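Shown next, in structure tokens, is the structure this report addresses.
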Amino acid sequence: MTNLCRGLALTAMLCCLVPEAASAAPSSESGSGSGSGQFSLFGDASLWTFWRIPLGVQLTSDAAADEPFAGISFEPKVKGNQTFTLDDLTSLSTILWVTEGGIGGGSPRFSIGLDEDGDGEADNSVFVYVGDAPNFTQGTGLIFTGNLLTKTDLRVDTSQIGGTFYDTYENAIELAGDAAVVSVDLVVDSGWSFEEGVQSVLVFDVQVNKTKLNLRKLTAPN
């Protein structure tokens, strides 16, 4: 498919299925527990545009590249001495199109960085996997995850906070609900697990609680 045809097809699909991506309208709340914050890109991540309109974010993991990873990072914003804790994080979802490779090798996944000692830096992480349980593998195609935190299919990895690889978000809250969340990253880094050495994903939307990805405010990483 040519880039023009692909762009037209994706534009039509987005207008019908993902109106938020076309309008890029932000949504947020203020205060502790709301999950308001700012998104940024890292690694081999770039805006995917059509006729200069941002429609998504291209995340590529090329096993032969200097940076064989890519991602979208969300940094919570709080007021004063308030803290956004794991217990405050109640909704996490994405809409994406896996265009090359597939889902596997633990990617794509959400990585929730937790500050457990109060120094403002992430000490450990909780991982939430995208894909079909129990192996979290899937082929190419369009995926609407829904709220991953309410699923009961053991897609949450709490092994870094005293839990297990196959766990629930409910148990993650029991283990570290009062830990501060310093970042929520959507990561693609498993190009190594596919025959061609490349895993590529187009991300149209990421939502953390009520804050949605605003494509028009994103810039390519340095």
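Derivation of every value follows stated rules applied to the coordinates shown; laboratory data play no part. What you see is a predicted model; the values in this text were computed from it and never measured. Neighbour counts run over all protein chains shown; Cβ positions are idealised from the backbone, glycine included.
Observations on the model:
- Taking segment 93-222 and dividing mean pair separation by its residue count, relative contact order in percent (alpha carbons under 8 Å, at least six apart): 35
- In terms of the mean number of neighbouring beta-carbon atoms within 10 Å, the peptides 123-136, 42-55 order highest first as 123-136, 42-55.
- Counted by Cβ distance under 10 Å from Tyr166, the other residues give a net charge of -2, where Lys and Arg count +1 and Asp and Glu count -1.
- In this structure, the amide hydrogen of Thr90, modeled 1.01 Å from its nitrogen in the peptide plane, lies closer than 5 angstrom to those of Asn209, counting only residues at least 5 positions away or on a different chain.
- Segment 167-206: C-alpha gyration tensor shape, a/c 1.5 cut-off, then a/b vs b/c: prolate
- Take 182-192, 73-83, 167-177 and order them by the average number of nearby Cβ atoms within 10 Å per residue, most first; the result is 182-192, 167-177, 73-83.
- For Glu196 and Leu142, a Förster radius of 25 Å and the Cβ-Cβ distance give a FRET efficiency of 0.75, rounded to the nearest 0.05.
- With R₀ set to 30 Å, the beta-carbon distance separating Lys210 from Asp153 gives a calculated FRET efficiency near 0.80.
- Using θ = phi - 60° and Karplus 6.51 cos²θ - 1.76 cosθ + 1.60, couplings along segment 176-189 (whole Hz; Gly, Pro as x): 8, x, 8, 6, 6, 8, 9, 6, 10, 10, 8, 10, 10, 8
- For segment 106-113, the Karplus equation 6.51 cos²θ - 1.76 cosθ + 1.60, evaluated at θ = phi - 60°, returns couplings of x, 8, x, 8, 8, 10, 9, x Hz by residue, with Gly and Pro reported as x.
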